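Taking it in order: structure first as structure tokens, then the write-up.
Just so it is clear, none of the values below were taken in a lab; they were calculated from the coordinates. In this text, all values refer to a predicted model and were calculated from it rather than measured experimentally. All Cβ positions, even for glycine, are placed from backbone atoms using ideal geometry, and neighbour counts span all protein chains on display.
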Amino acid sequence: MISYSSKLRSSQPEIMDDLELQGESLKELLDDLRIVNKWLGGNSITLDGIEQLLDKSVKNESLTVLDVGCGDGEVLRQCIHWASKRQIELHVIGIDANPHILIEANKRSEHLENYSFKVMDILSEKEEIPAFDIALCTLFLHHFSEKQIVHLTNRLSAQAKVGVVINDLHRSRWAFWLFRIFSSVFLKTKIARHDGLVSVARGFKKHELVQMSTNIEGQHRMKWKWAFRYQWILKK
């Protein structure tokens with residue numbers, strides 16, 4: 001039973017947090033996640049955040065974007081298409097703790113250039129984060145505790161040359177029930193339907209994000225976006 005609380009973030013685990021998830025189950029889950037991000041604002045919110053961090057006149061520039069918790073690399077592929085239209089030379093790096101998901105990421109990105117993927121536990125101080133200009137955290141931070149989020153975000157903000165774009169979930173009873181309806185119609189896998197509801201229950205109220213931001217370096221800008229997302233931009 002997946003529970004929802006307006007007052008407290010859920011601590012229930014998501015199935016996809018299992019680093020041994022692989023094979024057809026993983027591929028089908030990734031296809032479902034692509035549908036979620038396409039229709040519920042995942043990709044557009046992240047790309048809009050990048051644009052806000054950059055001078056609109058930027059062209060023929062070299063930019064490195066790091067996607068933390070990149071999954072199959074779909075967000076980075078969208079970034080490559082976005083940069084191509086704006087004549088920006090883009091290098092993208094995806095990091096994820098699941099080696100199986102990065103095998104799939106490489107397969108789905110092999111037609112592109114200037115990308116790389118790295119297996120990495122972002123919370124480990126022993127792991128060196130590759131150099132980057134902008135870091136992305138799309139539907140990633142809700143997997144962690146507030147203490148871990150502050151630590152991770154400070155680490156990214158300190159290393160970023162330009163800033164950090166966070167795109168994560170608004171914890172809302174409306175979102176919880178609307179996702180239940182959406183997933184029953186559009187998603188094929190039980191894992192995606194289960195994890196989507198858990199993700200909403202592990203999402204954030206705005207005051208929780210604001211409270212965390214007081215302990216994180218940088219200039220902060222937060223906006224509510226459809227569908228029940230928060231866009232949180234940290235600028236150097």
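Rounded to whole Å, the principal axis extents of the Cα atoms in the chain read 50, 41, 35, largest first.
Straightening the chain between residue 224 and residue 107 buys 38.7 nm, computed as 0.36 nm per residue apart minus the Cα-Cα spacing. Highest mean packing comes first when the peptides 132-142, 172-182 are listed by Cβ atoms within 10 Å, giving 132-142, 172-182. Across the stretch 59-139, the relative contact order, built from alpha-carbon pairs under 8 Å that are at least six residues apart, equals 41 percent. Applying both filters, DSSP loop and at most 15 other Cβ atoms within 10 Å, to the GluC sites (Glu not before Pro) of the stretch 31-105 gives 61. Remark on residue 171: its backbone amide H falls under 5 Å from those of 204, 205, a criterion applied only to residues 5 or more positions apart or on other chains, H modelled at 1.01 Å from N.
Peptides 184-190, 229-235, 2-8 ordered by packing proxy, namely the average of other Cβ atoms within 10 Å per residue, highest first: 229-235, 184-190, 2-8.
Given an 8 Å cut-off on Cα distances and at least 6 residues of separation, report the relative contact order of the chain as a percent. Answer for the chain is 25 percent.
Each peptide among 123-129, 78-84, 65-71 gets the average number of other Cβ atoms lying within 10 Å of its residues, and from highest to lowest they stand as 65-71, 78-84, 123-129. Note on the stretch 10-89: percent of Cα-Cα distances in each 10 Å bin, starting at 0 and stopping at the bin with the largest distance, equals 14, 42, 28, 13, 3. Ratio of Rg to Rh for the stretch 93-183: 1.02 [Cα atoms; Kirkwood radius as inverse mean 1/r over pairs]. With a ≥ b ≥ c the root eigenvalues of the C-alpha gyration tensor of the stretch 168-216, is it rounded (a/c under 1.5), prolate (a/b larger than b/c) or oblate? Prolate, because a/c is 1.5 or more and a/b exceeds b/c. Its relative contact order, with pairs defined as Cα atoms under 8 Å and 6+ residues apart, puts the stretch 94-234 at 23 percent.
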